[in-house]
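Participant: Sharing a structure, written as structure tokens. Questions coming.
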Amino acid sequence: MFQSDSNISRKKPTYFREHQEALYKSLEDKHATVEVDDSDPLATRMTLNMGPQHPATHGVLRVLMELDGEVITKCRLDTGYLHRGIEKMAENKTYQEFMPYTDRMDYLSPYSNNVALCLAVEKIADMEVPGRATYIRMICCELARISSHLLWLGTMIMDAGALSFFLWTFREREKLYDIFDEVAGHRFTVSHSRIGGVNNDFTPVAEEKIRKFVREFPDELKGWHKILDRNRIFVDRNNGVGAIGHEEGIAIGLAGPSLRATGIAYDIRTFEPYMFYDQMDFMVPTRTEGDNLARYYCRMEEMAESIRIIGQCFEKMPKKGPIRVDDAKKSYPSKDEVYYSMEGLIHDFMMTDTGICPPAGAESYHAIEAPKGELGFYIQSDGTGHPWRLKINSPSFSNLQGLETILDGEMIADTVVVIGGMDPVMGDSDK
Amino acid sequence: MNIEIRDNLLQDIREYMGEDLLELNLEYTHPLLRIKRDRLHDACRFLKNTLHFIYLNEIIGADRFTSEDRFEVIYHLISLRNRQRLFLKVRVEEENPVLPTVTDIWKSANWNEREVFDMFGIRFEGHPDMRRIFLPEDFKYYPLRKEFPLLGVPGSLEMPNTTPDHD
């Protein structure tokens, strides 16, 4: 049906002819290929292939669009370029061994993924986690949320045309990385959580750094609100772009801030509170417009709420206490025990070799509110140290599915902004 | 999670499904139901239209590795009005694994069903776009089936050369 582009009629350039022709030639050679339908004499309908190597697709997303002039009549998303078979790997690893793989799913908020896995395993294995460990997890999860939203803010506004924002948000992210470096010993892929607690307690330096961040960040956020909220270019670029109603949003299964921007206050932290979120005082920001601007407001307000939650955590957190379950059959012993006692060493070895074994035939699901939406683990156990089946319910997958519907009828120039506003992470979606 | 609401919901489901409700597991916070395969589409319609499970969150496939009813497909449903989650399970046999699609009930089943097909080879009858979602169409295996080796099948996909000497 399609034919190569030898018969595209181009207006002959008036000025700089050689330069223009060279430019067209280089476009033909480039990865984005343009095909023209023969039965369409005005050549307004075409198929455009965007990605998988495209800086605005936030990874390796491929979008195939059929255009009518500037309007996308229909589009298809091609995913799977980052498929690593994480679920298959999970079936061949102990639960604790699988933890570092979760870091690499949604690599912008590794701490949330660790905690999601830990909570799911703790639920199926019926374990209680000490209070201080839970508060440490909550604080770090909220920091991860801020970190993820900061990256979204930087890249989304970069997609909309303002480059310097990226530098400002990355300056703040750098502080968060320093905090994670101090807390977990890693900047990016933290793997700090352990089944039954966390690896190590906050050091005084780490605590001071977090408190400093909590003190200073709201001012920064206020400044950003000031520069964006009434910014003509930014608002015009986002208002009404990629809009979707709440019924449609539910029907296509959106998750997280994208769903809340349509007016549905579905947040696992209040829908089904886990950890100590039921004792926290915070709001779930929602909007009703369902467009890109609404998603922007939701995420910005969420960052402010996260700061509030961290503050409350510090108030309520027990000053001292264990940070891991004191049961060597269920969780790793502390390094002191491992180095200085025989039993500790044996237990450490056993934990590494077999790990925790949930009862045979158990099936359970646990979800947390990750920065991008509901992140859940469905685990089926056969009584060994490996899960029989571990299904990851990832928010980016749900959101990308929605993107296929949202992009229909949009202008082609808005594609990039809409993708930026949905904030997909391909590592999360492709598993 | 309100126990009273949950029990009312389950009572409604029990009445509607009757004998076809094969298993009801309340051990792990979220109710897990197993129903007869033939009633799947009917049950989904009932759950959505009467009991307000309007949000299909995901579809989970699983390989039980048994000689009969080998595969399991689990539908994860949420009722926002009653703040309830529900897991609905059906089993599929190994020979000719086919299920009716639920894309006409929940639009979000589209990609989820494609994922189950990609990983387990369970076909969904009536699905508008039954392609693999992660792996390329040229790939002839279903990787999450238990007999698929962890290291993959060498030569199953044609890969480009990694060194410049060729070609």
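Bear in mind that the values in this text are calculations on the coordinates, not laboratory data. Predicted model, so just to flag it, every value in this text is computed and none were measured. Cβ coordinates were reconstructed from backbone atoms using ideal geometry, including for glycine residues, and neighbour counts include every protein chain displayed.
Participant: Using 0.36 nm per residue, how much length does the chain from B:SER67 to B:THR29 gain when fully extended, once their Cα-Cα distance is taken away?
Facilitator: Taking 0.36 nm per residue and subtracting the Cα distance, the gain is 10.7 nm.
Participant: Okay, next question. Could you calculate the contour length gain from B:PHE139 to B:SER156, that is, 0.36 nm times the residue separation minus the distance between their Cα atoms, to one decimal place in nm?
Facilitator: 5.5 nm
Participant: A further question on this structure: I need the calculated FRET efficiency for the pair A:ILE227 and A:ARG104, taking r as the beta carbon distance and R₀ as 30 Å, to the nearest 0.05.
Facilitator: Here the calculated transfer efficiency is 0.35.
Participant: Sticking with this one: Only bridges with both residues in chain B count here: give the DSSP antiparallel percent, nearest 5.
Facilitator: Expressed as a percentage, antiparallel bridges in chain B total about 80.
Participant: After finding the eigenvalues of the alpha carbon gyration tensor for the range A:182-263, what semi-axes result from the square roots of 5 times each, listed largest first in whole Å?
Facilitator: So the equivalent ellipsoid measures 36, 23, 10 Å along its semi-axes.
Participant: Another question, if that's okay. For A:LYS330, which aspartates and glutamates qualify as cross-link partners when the Cα separation must be under 12 Å and same-chain residues fewer than eight apart are set aside?
Facilitator: A:GLU122, A:ASP126, A:GLU128, A:ASP348
Participant: Taking every pair of Cα atoms in chain B, average 1/r, invert it to obtain the Kirkwood radius, and report Rg/Rh to two decimals.
Facilitator: 1.07
Participant: Treating cross-link reach as a plain straight distance, find the lysines whose alpha-carbon is under 21 Å from the alpha-carbon of A:LYS329, omitting any fewer than eight places away in the same chain.
Facilitator: Partners found: A:LYS93, A:LYS123.
Participant: Loop only per DSSP, at most 16 neighbouring Cβ atoms within 10 Å: give me the chymotrypsin sites (Phe, Trp or Tyr not before Pro) in the range A:120-206, ordered by residue number.
Facilitator: For chymotrypsin sites (Phe, Trp or Tyr not before Pro) across the range A:120-206 that sit outside H, G, I, E and B with at most 16 neighbouring Cβ atoms in 10 Å, the list reads A:PHE188.
Participant: Follow-up question, since we're still on this one. Quick check: pseudo-label points 7 Å beyond the Cα along Cα→Cβ at A:GLU208 and A:MET342, how many nm apart are they?
Facilitator: 4.4
Participant: If you take the Cα Rg of chain A and divide it by 2.2 N^0.38 Å, with N the number of residues, what do you get?
Facilitator: Rounded to two decimals, the normalised Rg is 1.10.
Participant: Per the helix-only calculation at 222 nm, which mean residue ellipticity applies to chain A, given -39500 (n - 2.57) for every DSSP H run of n ≥ 4 and division by its residues, nearest 500 deg cm²/dmol?
Facilitator: -15000 deg cm²/dmol
Participant: Okay, helix-only estimate at 222 nm for chain B: each DSSP H run of n ≥ 4 adds -39500 (n - 2.57), divide by all residues, round to 500 deg cm²/dmol; what do you get?
Facilitator: One gets -7000 deg cm²/dmol as the mean residue ellipticity at 222 nm.
Participant: Within chain A, what's the longest run with no GluC sites (Glu not before Pro) in a DSSP loop and at most 16 other beta-carbon atoms within 10 Å? Give the range, please.
Facilitator: It runs A:129-431.
Participant: What are the ³J(HN,Hα) values, in whole Hz, obtained from phi via the Karplus relation 6.51 cos²θ - 1.76 cosθ + 1.60 with θ = phi - 60°, for each residue of the range A:358-375 in sequence order, with x given for Gly and Pro?
Facilitator: The phi angles translate into x, x, 5, x, 6, 9, 8, 10, 9, 10, 10, 8, 6, x, 9, x, 6, 10 Hz.
Participant: Is there a pair in A:LYS175/A:LYS319; A:LYS209/A:LYS431; A:LYS431/B:LYS36; A:LYS372/B:LYS140 whose C-alpha atoms are over 26 Å apart, and which pairs would that be?
Facilitator: Pairs exceeding 26 Å: A:LYS209/A:LYS431; A:LYS431/B:LYS36; A:LYS372/B:LYS140.
Participant: Tally Lys/Arg at +1 and Asp/Glu at -1 over every other residue whose Cβ is under 14 Å from the Cβ of A:HIS347; what's the total?
Facilitator: Charge balance near A:HIS347 sits at -2.
Participant: I would also like to ask the following. With a cap of 10 neighbouring Cβ atoms within 10 Å, and only residues DSSP puts in a loop, list the trypsin sites (Lys or Arg not before Pro) found in the range A:252-300.
Facilitator: Nothing satisfies the criteria.
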